[in-house]
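Participant: I am attaching a structure below and will ask some questions about it afterwards.
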Amino acid sequence: MPGPVLYGSVIDSTCISWGRKCNNKTSCQYYDLDRFRQRFLGLQVVFVCGALLCFLLTIVVLRRRAGQMETEGKGEKGEYAMVSASSKEKELEGIKT
């Protein structure tokens, strides 16, 4: 659910007195400020905790993958190895001929 819809719902739930025009409910005339503060900050805390949980879960998954790649890929493609000049010269000689 989009953020503005959630915030609008929270704000509307704190209204004490709704305006009336032609027997239709219009904008809020008076809010319960204590309830407004509690619900607004509560929604903020929920979003921040959710973001923190997603961040920590991402860190755990990436560290596990890095650990698996480290144990599986020793000496395989993607890693650098020391190469002596003499072995490189031998490879080049084979290409030249």
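Participant: Which pairs turn up if I take residues in region 39-61 that are part of a helix (DSSP H, G or I) and look for partners that are of a type outside the set (A, V, I, L, M) and surrounded by 10 or more Cβ atoms within 10 Å (Cβ to Cβ) with beta carbon separation below 8 Å, at least 6 apart in sequence or on another chain?
Facilitator: Filtered contacts from region 39-61: R39/S13; R39/T14; F40/Y7; L43/Y7.
Participant: Give the residue, chosen from L43, L33, L57, that is at pLDDT 95 or above and surrounded by 10 or more Cβ atoms within 10 Å (Cβ to Cβ). So that I can check it myself, show each step before the final result.
Facilitator: On the way: L43 fails: at pLDDT 95 or above; L33 fails: at pLDDT 95 or above.
When all the criteria are applied, what remains is L57.
Participant: Determine which single condition A81 fails, assuming it passes every other condition in (1) part of a loop (DSSP other than H, G, I, E, B); (2) modelled with pLDDT of 90 or more; (3) among the hydrophobic types (A, V, I, L, M, F, W, C).
Facilitator: Going through (1) part of a loop (DSSP other than H, G, I, E, B); (2) modelled with pLDDT of 90 or more; (3) among the hydrophobic types (A, V, I, L, M, F, W, C) one by one, A81 breaks only (2).
The values are calculated or read from the model by the stated rules, or taken from the named source; none is laboratory data. Given the structure is predicted, the values throughout are model-derived calculations rather than measurements. Heads up, the Cβs are rebuilt from the backbone with ideal geometry, glycines too, and the neighbour counts pull from every protein chain shown.
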